[in-house]
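Written out below as structure tokens is the structure these notes cover.
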Amino acid sequence: MERFDVIIVGAGLAGLAAAYTLAGEGVEVVVLERGDYPGAKNVSGGRLYLNPVRDLFPGLWDEAPLERAIVREGATLMARNRSFTFHYTGGELRNGKPQSCSILRSKFDRWFSGRAEERGAMILAKTLVTDLVRENGKVCGVVAGGDELRADVVIACDGVLSLLPEKAGLRAPGLSRDYAVGIKEVIRLEPGVISDRFTVGDGEGAAHLFAGDITRGLFGGGFLYTNRDSLSLGLVVSIGDMAKEAAAGDAPALFDAFKARPEVEPLIRGGQTVEYGAHVIPEGGYRALSGLCGDGLLVAGDSAGFALNLGFTVRGMEYALASGYYAAKTVIAARKAGRFDATVLAAYRQSLEESFVLKDFRTFKDTPRVLANPHLFGHYPELIGNLLRDLYTVPAGPKSPVFTTLRRHLTLSELWTMLLDAKEVAKI
Ligand SMILES: Cc1cc2nc3c(=O)[nH]c(=O)nc-3n(C[C@H](O)[C@H](O)[C@H](O)COP(=O)(O)OP(=O)(O)OC[C@H]3O[C@@H](n4cnc5c(N)ncnc54)[C@H](O)[C@@H]3O)c2cc1C
């Protein structure tokens, strides 16, 4: 029977952040990953906000395989037959350290696992963990490939469909409304074509989000991020909404229709699809987080439910990195105390409460409920599209005054509904 100080299940960003931090302090740690290599199974839009995690991993970011620094933001609200786009760029995005970068997980996770190995962590790929091992009610190891591996602590970083918190009694089975499905393609294009098409310089990149008719009014949206020599294009749709609205179509069909939209097709034209993946995303927010610790067990990253979709930002990677880091720091302190029971490991939750992680989840606790409003993804894109159509149209005869056009679309009942919806959105 193999024995380690710490066993980490899953070599995604949470698991690797924990392993990197623990190994840096000389802790004997093994990471068990079911994929052929770290990064093989990990799907993400790939926009990483660096500010929240820069100081947790000093020196790491200077060498990291980051793709492009995002200096241009864009968003398109899509109606069935028309759309409204805006772009933003600002000096703060171009000067100094980048606020956010695009990354490709197949590259980044492989590189990060190499850094953890250099510090002494052991990464075992092609190793599926199927159960926890318990002694006197305390978690003391895992079952992988029919063998038992033992440790003082197990850190569950096995992603959104993690069963370990459930097996440990830290979470009830998930509800479909708390999850979304994401489909993503990586589309290869010449670096110069990308810079020209998205009007950015060398090493600079753009991020663009899409919402509205592309999800047939269901909660979700599309994203496009520029990498060095490729684009990451994807679509995310609420699984709960899809289950309710069978007529909305399946996610791959929505993705194909998204790619064919006149706002999207010219951006990806001439590109070659080199990667296609689909993955579930936790979107239940604060209410749907799992328990974070038990006797001998900590839970980090998507496994705990740490992903937040605010509509204009989709974030999970910094929460995975930070929760992995704080889990590791908790274990280091517990080793000094020589105890790994839930009372000692509860310091993990405290660290997360004091960090941006649980502060963000508390601040945005109402977001999943507010964004579940179908008006936001169906009615308003059509309303704005129709209003802009009438403002821009020059008819054969005389044109209506602007006020008449506005009143035609913004009736009193419409304004009242907007006010009620705005009151809810203001809670985000
Ligand atoms: C389409 C899409 C777009 C997204 N866009 C963004 C974005 O732009 N920005 C952002 O910040 N976040 C984004 N997210 C969310 C983000 O990708 C995740 O929150 C983040 O990857 C979570 O990292 P993690 O380490 O917790 O989990 P993962 O990266 O999923 O890693 C879990 C690992 O555990 C392994 N594993 C699972 N079960 C077992 C087992 N039983 N035994 C052994 N190994 C196991 C898996 O193979 C995997 O390698 C997106 C997600 C999706 C799906």
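Numbers at a glance
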quantity: Distance from segment 153-182 to segment 1-80 (C-alpha centre basis), Å; calculated: 18
quantity: Mean Cα-pair separation over length for segment 1-139, i.e. relative contact order, pairs under 8 Å, 6 or more apart, %; calculated: 37
quantity: On Cα atoms only, tilt of 412-425 relative to the major axis of the chain in degrees; calculated: 20
quantity: Percent of Cα-Cα distances greater than 24 Å, calculated over segment 177-282; calculated: 25
quantity: Spherically averaged projected area in nm², based on the convex hull that wraps the Cα atoms of segment 257-367; calculated: 9.3
quantity: The chain: relative contact order as a whole-number percent, Cα under 8 Å and 6+ apart; calculated: 20
quantity: Inter-site label distance for Trp416 and Glu353 at 7 Å from Cα along Cβ, in nm; calculated: 4.4
quantity: Order of Asp62, Asp152 - criterion: other Cβ atoms within 10 Å of each residue's Cβ, fewest first; calculated: Asp62, Asp152
quantity: Order of Tyr326, Tyr286, Tyr392 under a 10 Å beta carbon neighbour criterion, fewest first; calculated: Tyr392, Tyr286, Tyr326
quantity: Rounded to 5, the percent of DSSP beta bridges in the chain classed as antiparallel; calculated: 70
quantity: Sum of -39500 (n - 2.57) over DSSP H runs of 4+, divided by residues of the chain (222 nm, nearest 500); calculated: -9500 deg cm²/dmol
quantity: Mean separation of Cα contacts under 8 Å (6+ apart) over length of segment 177-282, as relative contact order %; calculated: 43
quantity: Ala151 long-range amide H proximity, modeled H, under 5 Å; calculated: Phe4, Gly141
quantity: Diffusion constant of segment 1-137 at 37 °C, which comes from Stokes-Einstein with the Kirkwood Cα-pair radius and 0.692 mPa s, µm²/s; calculated: 190
quantity: Candidates per chymotrypsin sites (Phe, Trp or Tyr not before Pro) in segment 71-116, loop by DSSP, up to 10 other Cβ within 10 Å; calculated: none
quantity: Percent breakdown of C-alpha pair distances by 20 Å bin, ordered from the shortest bin, for the chain; calculated: 25, 53, 19, 3, 0
quantity: Over 27 Å (Cα to Cα) - which of Lys126/Lys365; Lys259/Lys359; Lys41/Lys259; Lys365/Lys423; Lys244/Lys359 fall in this group; calculated: Lys126/Lys365; Lys259/Lys359; Lys244/Lys359
quantity: Computed lengthening from Gln99 to Arg119, 0.36 nm per intervening residue step minus Cα-Cα distance; calculated: 4.5 nm
quantity: Point-charge dipole on Cβ atoms (K/R +1, D/E -1) for the chain, about Cα centre, debye to 20; calculated: 940
quantity: Cα→Cβ-extended label distance, 7 Å offset, between Glu424 and Val394, nm; calculated: 4.1
quantity: Test item: Cα-centred dipole of segment 371-425, Lys/Arg +1 and Asp/Glu -1 on Cβ, debye; calculated: 240
quantity: Footprinting exposure proxy for Thr85, Thr226 (fewest neighbouring C-beta atoms within 10 Å first); calculated: Thr85, Thr226
quantity: Among Asp213, Asp131, Asp390: highest mean-square fluctuation, GNM of the chain, C-alpha pairs under 10 Å; calculated: Asp390
quantity: Residues in segment 154-178 reached by a label modelled at Ala333 [backbone nitrogen below 19 Å; 7 Å Cα→Cβ]; calculated: 154-156
quantity: Peptide ranges 50-61, 293-304 listed from the most packed, as the mean C-beta count within 10 angstrom indicates; calculated: 293-304, 50-61
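Quick note: the coordinates plus some simple rules give every number you see, no bench work behind them. In this text the structure is predicted, and so the values were computed from the model without any measurement. As a convention, Cβ positions derive from the backbone with ideal geometry for all residues, glycine included, and neighbour counts pool all protein chains shown.
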